[in-house]
Structures are given as C-alpha cells and as structure tokens.
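See below for the structure under consideration.
The values are calculated or read from the model by the stated rules, or taken from the named source; none is laboratory data. It should be emphasised that the depicted structure is a prediction, and the values quoted were computed from it without experimental measurement. Glycine also receives a Cβ, built like all others from the backbone with ideal geometry; neighbour counts cover every protein chain displayed. Remember, those area values only see protein heavy atoms, side chains included, never the ligands or the DNA or RNA. Shrake-Rupley method; radii C 1.70, N 1.55, O 1.52, S 1.80 Å.
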Amino acid sequence: MDKAVAGVPRWDLSSIFSSFDGNDYKDALIEYTSGMDSLDKRLKDEKGQMNDFCQWLADYLTASNKVGALEESLNAYAYTAYSTDTTNTDYLNNLSKLEEMSLQSKAQGLVFQDILTRNSQDLSTFYTSFPQFAQYKYVLEQIIEDGRHRMSQAEEQLADDLCRTGGAAWSRLHEQVISNLMDSATGKTFNEIRNEAYSPDASVRRKAWETEISLLKSMEIPVAAALNNIKGATVALNRRRGWNHALSRALSSANMGEKTLAALIGAIEDSLPFWRKYLQLKGRLLAGTDSNAVGETGCHFYDMFAPLPQPYSGAGSSCGAKAGSSGVSETHDSSVKMDGWTFEEARNYITEKFYGFSKDMGDFARTAFENNWIDAEVRKGKVGGAYCIDFPSKGVSRVLSNFTGSFSDVTTLAHELGHAYHHHCIAGLDYGLIHYPMTLAETASIFAENIIMKDVIGRCEGFDKLQLMELHLQDSCQVLVDILSRFYFERSVFEEREKGELSASDFCRLMAQAQEKSYGNGLSSQRHEYMWAVKTHYYSPDLDFYNFPYAFGLLFALGLHAQYQQQGASFAEKYQSLLKDTGSFSCEEVCRRAGFDIETKEFWAAGIASFNSELEALLDYEKSLAKA
C-alpha cells in the first residue's frame with residue numbers, strides 16, 4: 001500500500017485544458033497544426049527571404065514564438081497526465097501522438113537554421129532595424145553554431161523520427177519498469193521503499209536497501225538494454241554530427257565552456273577529503289546502531305540519508321520546544337520536525353519564507369498552493385522523485401513530488417517551486433528567450449531550497465540545529481560527491497559504449513568504480529552498483545551529463561545567497577533580473593553580470609568552504625558525546 005498523508009493534493013490541470021476530450025484542448029491542437037503549416041509556408045518563402053531578410057526574420061520569430069509556446073504546453077499537458085499514471089494506454093498514446101506531431105517543428109528548426117546561417121551577414125542590420133529583437137543575438141548565434149554539428153536535413157529528420165521508437169521508447173520502458181516495481185512481501189512500491197532510506201530505524205534502512213537492490217537486479221536485463229541502446233544511439237549520432245564526445249555536446253547545450261567545467265570538477269575533486277571526513281564522522285555517529293558492521297569504517301551506503309541518532313540525556317539535547325502550525329515554532333530556540341509534517345504545515349512554512357525574501361516570491365508561492373499547482377500524493381503508477389514542468393502559452397507551471405511528511409520532502413517542494421518561480425520571472429519574455437540551460441536551471445531551485453535551510457538552521461539550537469546542519473551536509477554531499485560519481489560513471493559509459501555493447505554487469509562495474517573514485521574511504525565496503533538503474537536522467541536521449549548542472553547550481557546559488565545576506569531586501573530585484581537573463585546569454589556572461597568569474601577553481605572552492613562551520617559543529621558534538 002502507498003503511504004498516505006492526510007491533505008496531500010493532486011494537481012488541478014483544468015485551468016490549462018479541461019481534458020483531452022475537451023473543446024479547448026481540441027481547439028489548441030487545431031491552432032497548433034495550422035500554426036505549424038503557416039511556419040512551413042514562411043520557410044518556403046525564398047522570395048521574401050531574399051528581398052528583405054530582416055523583415056522575414058522578424059515575422060518568422062514572431063510567429064514561431066506563438067507556435068512554440070503552444071507546442072510545449074500541449075506536450076507538457078500530455079506528460080503531466082502520463083507521469084501520474086504511466087500504465088494508462090490513452091495517456092501514452094496521446095503523448096506518442098504529440099511526439100510524432102513535433103517532428104514537423106524539429107524539421108522546421110533545421111530549415112530555419114540553414115536559412116539563418118546563409119543570411120548571417122545580415123544579422124547586424126536586423127538588430128538595428130528591429131531593436132526589439134536585439135536580445136536574440138546570443139540565441140541566434142547559438143543556433144548557427146549548433147548547425148555546424150548537424151547532419152543533412154533528411155538525416156536529421158530521419159533521426160528524429162526513429163527516436164520515437166528508439167530512444168524515447170527505451171526511456172518510457174525504463175519509467176514504466178521502475179514506477180511499477182513493488183515488493184510482493186510488503187506490497188510497498190519502489191518509491192516507498194526508497195523513502196525508507198530516511199528512517200531512523202537502522203534495520204528498516206538496511207532492509208529497504210537490500211530490497212531495492214533485489215528489485216533492480218530482477219529487472220536488470222530490460223533496464224540495461226534500455227540504457228545500452230540509448231547511449232549507443234547517442235554515440236552513433238554524435239559521430240555523424242561531428243562531436244568528439246558526448247560531453248562536448250552537453251557543454252554546448254549547457255551554454256558553458258570547457259574551462260568552466262574543468263574549474264568546477266577540479267574544485268569538487270579537491271574537496272573530496274572534506275566530504276570523506278564528513279561521511280566517516282557520520283559512520284562513527286551511527287556506530288551504536290545495529291546497521292554498522294564490526295570492523296567497518298566509513299558510512300554505509302544505506303545510512304547516508306539516516307537522521308542523526310538522538311543523544312542520551314544531557315548530551316547536546318534539543319531545547320524541546322514544540323513546532324507550531326508551520327512545522328517550526330516562532331521562538332528563536334525552536335525545534336523542527338524531521339518527520340511527520342502535514343502538507344498544510346509545509347505549505348504555510350514555504351510561503352512564509354518566500355515572503356521573507358520578497359513579496360513577489362511569496363505571492364507566487366501562495367498562488368501555486370491556492371490553485372493546486374502541485375501533485376504531491378504518492379501512488380502506484382506515478383513516476384518517482386519530483387519535477388517542475390512549464391506551460392509557456394499559459395504562463396504557469398506545475399510541480400510533481402512524492403510527499404511522505406519528511407523535512408526532506410519540504411525542502412524538495414521548495415526546490416521545485418524555485419524552478420516554477422524561475423519560469424514566473426521569465427513568463428513575460430518571448431518564447432525564444434526562455435530556454436535557459438540545465439546549469440542555470442538549477443540556480444533558482446537551489447536558491448529557494450537554501451532560503452528554507454538557512455532559516456531553519458538559524459532558528460534552531462542544540463540537537464535540532466545539529467540535525468539540520470547534518471541534513472544540509474547530507475544533501476550537499478549528494479549534489480557534489482554523488483553527482484561527481486554520476487559524472488565519472490556517464491563519462492566511462494560513453495567511452496566503453498564506443499567500443500561495444502554494455503550489459504548490466506558492465507554498468508554495475510562502472511558504477512562501483514565511479515563510486516569508489518568519488519566516495520573512497522568515506523563509505524564502508526558496500527556500494528550501490530545498481531544506481532545506474534535508478535537515475536532517470538541517464539535514460540533521456542537529450543539529457544547527456546545531466547549531473548554537473550546540479551553542482552553548478554548549488555555553488556552558484558550559495559554565492560547568490562551570500563549576496564542576499566549582504567544586501568538584504570534590495571537583492572530581490574537583482575535576482576529577478578538575473579533569472580530573466582538566463583535564456584539570453586552564456587553561463588559565463590550571466591554569472592559575470594552577477595559579479596562572478598566561474599572559470600576559476602577559486603570561485604567554486606569558496607562555495608564549498610561555506611560548509612566548513614557545519615562540519616566543525618558536528619565534530620564538536622562528537623567530542624561532547626565522548627565526554628558525557
């Protein structure tokens with residue numbers, strides 16, 4: 001049975017479309033189809049392109065913005081329905097139908113790219129003649145640059161067509177397999193089992209980890225086939241498109257340079273001794289539980305998300321204040337619940353803290369909660385994890401999560417609402433200017449999460465404060481160290497996939513090596529060799545290396561939060577401006593405008609150094625336990 005938490009909502013999509021059978025949805029499909037046909041005619045208007053390319057380009061961008069926003073909204077609506085019921089055949093067929101229709105827009109993109117490249121010498125005149133499109137300069141330059149890594153139009157169209165029954169189909173297979181895994185002994189879904197990693201009971205954590213591994217192993221053949229074929233197709237297409245490595249393609253998609261990535265990865269690698277020290281400390285603090293084997297050093301993999309064990313009387317105990325309706329009390333010496341949150345408490349607390357940053361952010365959160373923009377109920381057939389999805393033609397977003405009442409679920413909600421707030425800030429821009437890269441996509445979400453964490457840590461004392469510091473270290477360790485292991489893993493997968501087929505045992509081997517290289521002696525001898533089967537990003541043909549953007553987002557957000565603490569309320573307007581710029585410039589330029597040089601290790605190291613005080617506090621706590 002799925003874990004039920006009272007008052008946890010399902011989202012309301014009726015303000016977007018009434019249903020797949022509704023007249024509004026059918027009318028939108030007709031408008032989308034006619035809009036696509038109109039764009040086809042514009043692309044074939046060679047006379048207009050030759051006689052007045054600047055006017056033609058202005059007209060085309062105006063029309064394509066409207067059609068593109070509608071296309072993304074229709075696809076988002078189809079995916080939101082499917083992701084909450086992955087075995088619903090009607091939802092799956094509708095999603096597949098839209099994917100097929102979108103092939104036309106992909107083909108149009110290739111033709112437009114060719115026309116733009118052939119007329120690139122006229123772009124300076126275009127920006128002068130039509131100053132309202134001046135902000136498109138970087139966007140259009142990127143389209144031209146991307147064209148240098150394209151096959152012929154016929155080949156690209158064929159690749160897109162085959163992706164529906166290739167990469168996209170393999171991706172859906174993975175989603176369906178994982179979202180419907182269930183432990184026959186207990187009736188628990190796979191997502192429920194994974195959530196038990198946060199249990200204070202060591203035996204529950206260990207059993208959940210063993211069950212998770214067993215379930216994944218039982219499905220290793222189809223899941224490995226999915227990953228093998230998705231990465232194999234990427235290798236083949238990259239070779240034909242002139243990419244020397246999938247990482248080069250990922251950096252281009254991220255609007256980010258190799259120098260920046262080298263600085264980021266180098267800074268994380270330099271910090272590994274710090275994170276291993278933290279994990280070894282956590283292992284020692286958990287040594288009194290029955291999960292730590294005799295003679296083991298470091299933290300067990302299945303204990304990484306364990307809460308700190310409660311101290312015995314007199315050893316750094318909590319102040320004991322009771323949480324109020326928002327989940328934390330109103331006094332400075334407050335306590336915070338690590339579990340047992342109601343959705344209403346999470347709602348009230350997040351809204352209050354967002355208002356503390358700015359009225360605009362608070363109003364946004366209130367709107368999202370009051371209008372049921374969030375689907376937080378855990379249920380069979382629903383995808384795991386959490387995401388935010390945008391509907392550009394409507395200027396709104398929706399958030400999916402799986403809320404079980406843990407404090408981690410509260411921060412996850414804040415994280416996804418941060419994504420939604422990012423879209424809120426750019427909603428008034430042209431559709432062509434709202435496509436920010438994965439790196440900058442994580443900025444607003446982690447910044448929102450930091451608002452919650454910094455507030456709670458600052459309000460708590462005693463053991464409660466230590467718990468939250470450890471939780472912050474825990475989450476950040478995942479974003480930096482685990483992300484590094486995923487980066488190593490994916491890099492090695494591409495290297496070996498270029499040489500031949502990969503099996504489940506190959507993926508397990510590569511994952512174990514990646515975890516050893518990153519976690520090292522911070523963990524005990526055990527590893528999660530099947531983590532490759534869990535992370536959905538590996539299974540998207542368009543999201544290669546969807547790992548380092550999280551580390552980028554965390555450390556960049558820490559820098560922004562430091563500015564916020566220095567500047568106070570006046571920072572909110574600067575923050576909104578920065579979010580609006582994310583689709584119009586490179587990562588380096590967006591960050592430069594915010595006052596950061598991200599091509600140096602020193603910048604990234606400064607963000608990591610902000611965790612030092614939290615680890616020192618936990619080490620002092622360990623000493624106090626030894627004396628007590």
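Brief remarks follow.
- Unmet requirement for R150, which otherwise passes all of (1) touching a residue at least 60 places away in the same chain (Cβ under 8 Å); (2) open to solvent by 60 Å² or more (accessible area, probe 1.4 Å); (3) within 30 Å of F407 (Cα to Cα): (3)
- Number of positions in the range 508-519 that are within 17 Å of V481 (Cα to Cα), touching an Asp or Glu at 6+ places or on another chain (Cβ under 8 Å) and surrounded by fewer than 21 Cβ atoms within 10 Å (Cβ to Cβ): 1
- N229 vs. criteria surrounded by 17 or more Cβ atoms within 10 Å (Cβ to Cβ) and within 30 Å of L158 (Cα to Cα): yes
- Within this structure, G266 fails the test of being at pLDDT below 95 and not aliphatic (A, V, I, L, M).
- Q566 being among the polar types (S, T, N, Q), free of Cβ contacts under 8 Å to residues at least 24 places away in the same chain and open to solvent by 20 Å² or more (accessible area, probe 1.4 Å): yes
- Being over 25 Å from the mean Cα position of the chain (by Cα) and without any contact (Cβ under 8 Å) to a residue 24 or more places away in the chain is a property that holds for D201.
- Positions within the range 589-614 being within 18 Å of A441 (Cα to Cα), in contact with a helix residue (DSSP H, G or I) (Cβ under 6 Å, 6 or more places away or on another chain) and modelled with pLDDT of 90 or more, in sequence order: V590, I598, W604
- Checked against the criteria, Y77 does not count as touching an Asp or Glu at 6+ places or on another chain (Cβ under 9 Å), closer than 23 Å to F391 by Cβ and buried (at least 17 other Cβ atoms within 10 Å of the Cβ).
- Restricting the range 423-474 to residues that are of a type in the set (G, A, S) and part of a loop (DSSP other than H, G, I, E, B), the residue that is least open to solvent (accessible area, probe 1.4 Å): A427
- Subset tally (residues that are out of contact with any Gly (no Cβ under 7 Å at 6 or more places or on another chain), small (G, A, S) and open to solvent by 10 Å² or more (accessible area, probe 1.4 Å)) for the range 552-563: 1
- Filtered residues of the range 206-243 (kept if over 25 Å from the mean Cα position of the chain (by Cα) and basic (K, R)): R206, K207, K217, R239, R240, R241
- Count of the range 572-589 residues which are in contact with a Ser or Thr (Cβ under 9 Å, 6 or more places away or on another chain) and in a helix (DSSP H, G or I): 8
- Residue within the range 162-185 that is farther than 25 Å from A76 by Cβ, more than 26 Å from the chain's Cα centre (by Cα) and either open to solvent by less than 40 Å² (accessible area, probe 1.4 Å) or of a type in the set (A, V, I, L, M, F, W, C) (or both) present: yes
- Each residue in the range 574-601 was checked for being open to solvent by 30 Å² or more (accessible area, probe 1.4 Å), in contact (Cβ under 8 Å) with a residue 60 or more places away in the chain and of a type outside the set (K, R), and 5 pass.
- Failed item in (1) of a type in the set (V, I, T); (2) more than 27 Å from the chain's Cα centre (by Cα); (3) open to solvent by 20 Å² or more (accessible area, probe 1.4 Å), with I115 passing the rest: (3)
- Residues in the range 520-530 that are assigned to a helix (DSSP H, G or I) and either at pLDDT below 90 or open to solvent by 10 Å² or more (accessible area, probe 1.4 Å) (or both): 1 in all.
- All positions within the range 610-628 that are under 18 Å from P309 (Cβ atoms) and assigned to a loop (DSSP other than H, G, I, E, B): A628
- Some residue of the range 129-151 being touching a Pro at 6+ places or on another chain (Cβ under 8 Å) and either aromatic (F, W, Y) or part of a helix (DSSP H, G or I) (or both): no
- Segments classed as helices (runs of 4 or more DSSP H), wholly inside the range 196-297, with at least 3 members that are under 30 Å from Q467 (Cβ atoms) and not aromatic (F, W, Y): 202-218, 258-270, 272-285
- Checklist (1) over 30 Å from I193 (Cα atoms); (2) in contact with a Gly (Cβ under 8 Å, 6 or more places away or on another chain); (3) at pLDDT below 95 applied to Y431, failing item: (3)
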